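First up is the structure itself, then whatever we jot down about it.
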Amino acid sequence: MSPVSHATSEPRGEGRWLLRFEVHVPYAYESLWPFLTTGDGLRSWLAAADVLERRLGGAVTLRWLNSGTTVSGEVTAWDTERVVEYTVSEHGRIRFHLEPVGTDSTVIRFLNERAGSDAERLDCLAGWHDHFEMLEDALAGHPADWPSWTDTRWSELRASYASFGRS
């Protein structure tokens, strides 16, 4: 697997941010889609989907297994095997856009539009980066082992984003 590249972020008005990741994975988008849109898939790298109505306008409740944070909202975009977007409390708009590269590779264009301080921006950049590394592991057959998760990697990533600057 190739390492996850650093994200970019940009201010979107007072106390609002747009975080962007572009993640390249050596898997066809059809293989990737369930990891973004099913309870088992999401649990393997991101969060437990306590509620997930897989349709536009459907309800969603995600519970982060590494922090205990629970967010609720709705599915605000759904284009099967291409785009899924969840707009949830605390984390704002979370959008995954899949673009096939040939027949066996995919680019995930990820956006997280959210409110928060600069410190929260850094926390989220590190958090999403850590989770995208977990996604690559899950795709390779090694789902997250939540009981043994520590914040060591997250802390390294947060320090890296803090020294990286605003972009």
* When the helix-only estimate is applied to the chain (DSSP H runs of n ≥ 4, each -39,500 (n - 2.57), divided by the residue count), what is the mean residue ellipticity at 222 nm, nearest 500 deg cm²/dmol? -> -9000 deg cm²/dmol
* How large, in percent, is the carbon and sulfur part of the accessible surface of the chain at a probe radius of 1.4 Å? -> 49
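Extension gain residue 146-residue 27, at 0.36 nm per residue separation less the Cα-Cα distance, in nm?
Extra length from residue 146 to residue 27 when fully extended: 40.5 nm.
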* Roll a 1.4 Å probe over the protein chains and send me the accessible area per residue for region 111-167 in Å². => 47
* Between 157, 41, 135, whose Cα lies farthest towards the positive end of the dipole of the chain when Lys and Arg beta carbons carry +1 and Asp and Glu beta carbons carry -1, centred on the Cα centre? -> 157
* In debye, nearest 20, what is the charge dipole magnitude of the chain about its Cα centre with +1 on Lys and Arg Cβ and -1 on Asp and Glu Cβ, if you could check? => 360
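Nearest 20 debye, what's the magnitude of the dipole of region 56-149 about its Cα centre given +1 on Lys and Arg Cβ and -1 on Asp and Glu Cβ? List each step's numbers first, then the result.
Details: 7 positive and 16 negative charges, 55 e Å.
Taking the Cα centre of region 56-149 as origin, the dipole is about 260 debye.
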* region 11-167, relative contact order in percent, only Cα pairs under 8 angstrom and at least six apart counted -> 24
* Structure fact -> Shape call for region 90-142, from the Cα gyration tensor axes a ≥ b ≥ c (a/c under 1.5 means rounded, otherwise prolate when a/b beats b/c, else oblate), comes out oblate
* Dipole moment magnitude, nearest 20 debye, region 103-149 about Cα centre, only Lys, Arg, Asp, Glu C-beta charged -> 180
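The values are calculated or read from the model by the stated rules, or taken from the named source; none is laboratory data. Everything numeric here is computed off the predicted structure, so don't read it as measured data. Cβ atoms come from the backbone with ideal geometry, glycine included; neighbour counts cover every protein chain shown. SASA here: full protein model, heavy atoms, side chains in, ligands and nucleic acids out. Shrake-Rupley method; radii C 1.70, N 1.55, O 1.52, S 1.80 Å.
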